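Read through the structure below, which is laid out as structure tokens, and then see the notes.
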Amino acid sequence: MTVLGTDVWPPAPIGTERLVLREAEARDRAAVIEINASPEVGAYVGGPRPRAELERVVPEVPGRRPGFFVVELDGAAIGTVELNAQSPDTPAERLAAGDTHLGYLFLPEAWGHGYAGEACAAALDWFSGARPGEPVVLYTQTANVRSMRLAAKLGFTERERFEAYGAEQWFGVRSPDR
Ligand SMILES: CC(C)(COP(=O)(O)OP(=O)(O)OC[C@H]1O[C@@H](n2cnc3c(N)ncnc32)[C@H](O)[C@@H]1OP(=O)(O)O)[C@@H](O)C(=O)NCCC(=O)NCCS
């Protein structure tokens with residue numbers, strides 16, 4: 001299992017052409033709630049969560065854990081990218097021996113500009129420096145067309161498709177020596 005420990009986390013903020021990736025701070029709480037309450041964001045990831053529940057359960061600093069990046073555009077959080085060894089909401093046994101999993105959630109108004117691609121590529125570059133030689137895996141619904149396009153653009157290749165939660169799921173891997 002790939003553990004992102006204090007040897008690599010938190011990294012210094014990562015700047016890309018248009019974005020900054022950094023660890024979460026208290027000022028990101030509203031954006032994290034917005035993302036998780038959004039029906040568009042939740043459409044293929046289990047549905048939106050009630051805002052009142054989120055207001056209750058989201059901690060003061062949301063997502064304060066290794067591998068959880070907030071993505072900022074012009075000083076405002078527009079999404080999150082996460083690299084972690086936890087099982088996503090798919091049958092746990094499908095996650096190959098604790099491989100690191102990539103997840104991404106962006107506010108709908110930030111879609112269609114290439115921001116998710118730019119942020120994920122930067123996070124994957126960071127990961128390959130932090131844990132050289134480690135593959136990264138990704139799950140997404142095949143109906144999630146934007147996510148499927150992003151996965152292909154980032155270099156993930158299909159390992160298998162399977163049915164879960166009433167939908168076809170896609171399991172892809174990005175090998176380290178690509
Ligand atoms: C999945 C998700 C991150 C994809 O967002 P996205 O904005 O489509 O992804 P990208 O960053 O790759 O952007 C690609 C789009 O930006 C456009 N674009 C505009 N300027 C661009 C630029 N400078 N560079 C690259 N693409 C650019 C592309 O043409 C493309 O648009 P199109 O699909 O309308 O043709 C987003 O839809 C999302 O957050 N969904 C909800 C959460 C979710 O389902 N996550 C998956 C969990 S497995």
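Laboratory data are not the source of any read-out in this text; all were calculated from the coordinates shown. Treat the numbers as computed from the prediction; the structure is a model and nothing was measured. Quick reminder, even Gly has a Cβ in these numbers, built from the backbone with ideal geometry, and neighbours come from all protein chains shown.
Full-extension gain between residue 3 and residue 149, please, as 0.36 nm times their residue separation minus the C-alpha to C-alpha distance.
49.8 nm
How do 57, 71, 20 line up, fewest other C-beta atoms within 10 Å first? Walk me through the numbers before you get to the answer.
Values: 57 11, 71 30, 20 18.
Fewest-to-most Cβ neighbours within 10 Å comes out as 57, 20, 71.
Would you mind calculating the relative contact order of the chain from Cα pairs under 8 angstrom and at least 6 residues apart, reporting the percent as a whole number?
Relative contact order, the chain: 20 percent.
Taking the C-alpha atoms of region 21-78, how large are the radius of gyration and the largest Cα-Cα span, Dmax, in Å?
Calculated on Cα positions, Rg and Dmax stand at 11.4, 30 Å.
Give me 113, 101 ranked fewest to most by other Cβ atoms within 10 Å of their Cβ, as a rough exposure proxy.
Values: 113 13, 101 21.
Ordered by Cβ neighbours within 10 Å, fewest first: 113, 101.
Relative to 2.2 N^0.38 Å, what does the C-alpha radius of gyration of region 1-42 come to as a ratio? Two decimals please. Write out the running numbers ahead of the final one.
Values: Rg = 13.8 Å, N = 42, 2.2 N^0.38 = 9.1 Å.
Taking N as the residue count of region 1-42, the ratio is 1.51.
Expressed in nm to one decimal, what extension gain is obtained for the pair residue 12 and residue 40 from 0.36 nm per residue of sequence separation less their Cα-Cα distance?
Fully extending the segment from residue 12 to residue 40 adds 7.0 nm.
Would you mind ranking 35, 14, 78 so that the residue whose beta carbon has the fewest other beta carbons within 10 Å leads the list? Mind dumping the intermediate values first?
Working: 35 25, 14 16, 78 21.
The fewest-first ordering by Cβ neighbours comes to 14, 78, 35.
Any chance you could run the full-extension gain for residue 30 through residue 109? It's 0.36 nm times the residue separation minus the Cα-Cα distance, nm to one decimal. Could you put the intermediate results ahead of the total?
On the way: separation 79, 0.36 × 79 = 28.44 nm, distance 1.52 nm.
Full extension of this stretch gives 26.9 nm more.
Output the Kirkwood hydrodynamic radius of the chain, Cα pairs only, in Å rounded to one decimal.
Values: mean 1/r = 0.0604 Å⁻¹.
The answer is 16.6 Å.
What does the helix-only formula give at 222 nm for the chain: each DSSP H stretch with n ≥ 4 adding -39500 (n - 2.57), the total divided by the residues, and the result rounded to the nearest 500 deg cm²/dmol?
Computed ellipticity for the chain at 222 nm equals -7000 deg cm²/dmol.
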